Amino acid sequence: MSFPYGKLHPKLLEKIVFKYLGFKRSDVILGPSKGEDAALIKIGEELIAASCDPISGSIKNVGWLAVNVSANDVATRGVKPSWFLSCILLPKNSKLNVLKTICKQMDLASKKLEIAIIGGHTEVSPGLNHPIVVGFCAGKVEEGKYVTCSKAKPGGKIILTKGAGIEGTAILAIEKEKELTKILGRKTVEKAKNYINLVSVVKEALTAFNFGGVQAMHDPTEGGILGGLCELIAAANLGVKIYEDKIPINKETIVICDLFKIDPLQLISSGSLLIVAEPTKAESIVTKLKDVGINASIIGETLPNPKEKYIITKNGRIKKIFMPETDELWKALRRKPFKKGF
């Protein structure tokens, strides 16, 4: 059996990975679970939220993304990320400047988020075509002062920040810069490249959580917005109803996805945050996020029946939502742009 690129389908996690979890300890409050971004470990009267993620689809910004993506997972618990470790894997014959660039990117991202880099590992590994960085991030929280995806309730309003495909837009603009510039022009491509500076959701996650009324938060990474929604509702054993015309998709994302003939709703979306909010608080959370410079929209709601997972399209059709088999990014990285955009 061969696997598609990207993270494994949840069914395979349950069938294989979740069956081999080592010794069972009473201080593990939340371990590996469908749709959950970070583990929770009890230490005395406090908890540690922790998560790790690899960066394998991007080449030029692996250090920056490694810090931000793992920090995002911790922040979805309503926890401020504080510590970071990295495992840097370099191809044979890597130049010294490659390692220096990765380390400088991790340093810049960590300083911006007030995270200390506390250790890790660096090596040259056989069989690699480009650097891979696996990041581990953790933060401390008092017991009870956090959220998990499993706590989402029926009738909760679903909020999406920024827009679909934030990270994917940046990666494609950076990795396919020459081809896209010929078609779209320098100004559009530069704007899309700058989406790399939007991949952190720490600010919006902590803002929303501290405001109150948040039931759950999830960081939609591989599989995009649709994949993130499937993971979130699976954790809570709920259904979901989404309105396509309510999902914000930025102009640069639309045109780049059109050029590569991929679905922006299934494009890796670090930088977007899914929030399930109490119905009476949702509008206020959106307003609070906009007050701190984060665009946000209510795009749907959770449903009591886990079998009901659908999106109402712009033309009024009802389409069932499925977990994507793989992220659209992997398709686009193997293609050339198909046609001229705007």
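The values are calculated or read from the model by the stated rules, or taken from the named source; none is laboratory data. Note that this is a predicted model, so its numbers are computed, not measured. Glycine also receives a Cβ, built like all others from the backbone with ideal geometry; neighbour counts cover every protein chain displayed.
Values as computed for the structure displayed
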item: Test set (1) under 25 Å from Arg335 (Cβ atoms); (2) surrounded by fewer than 23 Cβ atoms within 10 Å (Cβ to Cβ) - Tyr195 fails condition number; result: (2)
item: Segment 299-325, residues that are of a type in the set (Ser, Thr, Tyr) and either outside any strand (DSSP E or B) or over 18 Å from Leu274 (Cα atoms) (or both); result: Thr313
item: Matching residues in segment 219-256 - criterion: being among the aliphatic types (A, V, I, L, M), over 16 Å from the mean Cα position of the chain (by Cα) and within 21 Å of Asn68 (Cβ to Cβ); result: Ile256
item: Flag for Asn315 being surrounded by fewer than 20 Cβ atoms within 10 Å (Cβ to Cβ), out of contact with any strand residue (DSSP E or B) (no Cβ under 8 Å at 6 or more places or on another chain) and in the same structural domain as Lys193 (by TED's automatic domain parsing); result: yes
item: Hits in segment 18-73 - residues which are touching a Cys at 6+ places or on another chain (Cβ under 6 Å) and either at positive phi or acidic (Asp, Glu) (or both); result: Gly35, Glu36
item: Test: residue in segment 136-144 that is at pLDDT 95 or above, out of contact with any Asp or Glu (no Cβ under 6 Å at 6 or more places or on another chain), outside any strand (DSSP E or B) and under 30 Å from Leu89 (Cα atoms); result: no
item: Test: Leu40 is out of contact with any helix residue (DSSP H, G or I) (no Cβ under 6 Å at 6 or more places or on another chain) and in a strand (DSSP E or B); result: yes
item: Count of segment 16-37 residues which are surrounded by fewer than 14 Cβ atoms within 10 Å (Cβ to Cβ) and either within 15 Å of Ala50 (Cα to Cα) or touching a residue at least 40 places away in the same chain (Cβ under 8 Å) (or both); result: 2
item: Some residue of segment 201-223 being charged (D, E, K, R) and in a helix (DSSP H, G or I); result: yes
item: Meets criteria (within 30 Å of Gly300 (Cβ to Cβ), in contact with a strand residue (DSSP E or B) (Cβ under 7 Å, 6 or more places away or on another chain) and touching a residue at least 24 places away in the same chain (Cβ under 8 Å)) for Cys137; result: yes
item: Selection count, segment 88-117, where residues are surrounded by fewer than 13 Cβ atoms within 10 Å (Cβ to Cβ) and either small (Gly, Ala, Ser) or assigned to a strand (DSSP E or B) (or both); result: 1
item: Residue match in segment 203-215 (condition: hydroxyl-bearing (Ser, Thr, Tyr), farther than 17 Å from Ala235 by Cβ, under 18 Å from the mean Cα position of the chain (by Cα) and buried (at least 24 other Cβ atoms within 10 Å of the Cβ)); result: no
item: Residue that is modelled with the highest pLDDT, among those in segment 314-341 that are farther than 30 Å from Lys176 by Cα and not charged (D, E, K, R); result: Ile318
item: Of all residues in segment 227-281 being part of a strand (DSSP E or B) and among the hydroxyl-bearing types (Ser, Thr, Tyr), the one that is surrounded by the most Cβ atoms within 10 Å (Cβ to Cβ); result: Ser272
item: Flag if Ser51 is within 30 Å of Leu99 (Cβ to Cβ), part of a strand (DSSP E or B), polar (S, T, N, Q) and touching a helix residue (DSSP H, G or I) at 6+ places or on another chain (Cβ under 6 Å); result: yes
item: Criterion violated by Asp73 - all others in (1) of a type in the set (D, E, K, R); (2) buried (at least 24 other Cβ atoms within 10 Å of the Cβ); (3) assigned to a loop (DSSP other than H, G, I, E, B) satisfied; result: (3)
